[in-house]
Amino acid sequence: MAQAVLAAIEELRRLNVSALRRKYQEVFGEESRSFNKEFLFRRIAWRLQANAEGGLSERARHRAAEIVDDSDLRTRAPKAFLPPQAPSNVTCAVDHTQPQRDWRLPPPGTLLTRRVDDRQIVVKVLDKGFEFETRRYGSLSAIAREVTGTRWNGLLFFGLAERRRA
């Protein structure tokens, strides 16, 4: 690789995000939508190398154009796809004083079941809390602890969530 290109790339490493965005505008002829320093650095460095060494072959460009023509891939949704913004004089009331219901929980009235040893555990989902053996509980974890005697994540215990792998 030419020494001038290497020097230009080394200079890019010292630039901050706003300077990289200006350089991107200069190199690509359009404004970048990204504010990610590493992304901007890599894109500009690649373009500098491509300009110096010739970039992709004509055959590779032609094949890439074929692939693009066959795909309906977008990196972002078109602006017309998003619903129009509500007028500024319209307000939406949301009560933030009450905790929001966990989206992973089934609707109230649903019965959750789990077999533990020879015992069938049946829990009824309420508007606020849960009912197990005629007693009310604030969480599924409390019921799981009552049943097993050990601490459990209630959502995992009743199969409403999966354990995340590290």
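The values are calculated or read from the model by the stated rules, or taken from the named source; none is laboratory data. Computed from a predicted structure; not experimentally measured. Positions of Cβ are generated from backbone atoms using ideal geometry, with glycine treated the same way; all protein chains shown enter the neighbour counts.
If you take the residues in the stretch 112-124 that are surrounded by 14 or more Cβ atoms within 10 Å (Cβ to Cβ) and of a type outside the set (A, V, I, L, M, F, W, C), which one is farthest from residue 99 (Cα to Cα)? Top of the filtered list is 114. Summed over the stretch 125-140, the residues that are crowded, with 16+ Cβ neighbours inside 10 Å and farther than 21 Å from residue 98 by Cα give a count of 1.
I'm checking my understanding of the structure. Among residues of the stretch 141-166 that are modelled with pLDDT of 90 or more and small (Gly, Ala, Ser), which one is farthest from residue 99 (Cα to Cα)? Selected residue: 149. Residues in the stretch 43-58 that are outside any loop (DSSP other than H, G, I, E, B) and within 30 Å of residue 17 (Cβ to Cβ): 43, 44, 45, 46, 47, 48, 49, 50, 51, 52, 53.
Here is a yes/no grid of residues against (1) more than 29 Å from the chain's Cα centre (by Cα); (2) at pLDDT 90 or above; (3) in a loop (DSSP other than H, G, I, E, B):
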site: 5; (1), (2), (3): yes, no, no
site: 24; (1), (2), (3): no, yes, no
site: 27; (1), (2), (3): yes, yes, no
site: 30; (1), (2), (3): no, yes, yes
site: 41; (1), (2), (3): no, yes, no
site: 60; (1), (2), (3): yes, no, no
site: 64; (1), (2), (3): no, no, no
site: 67; (1), (2), (3): no, no, no
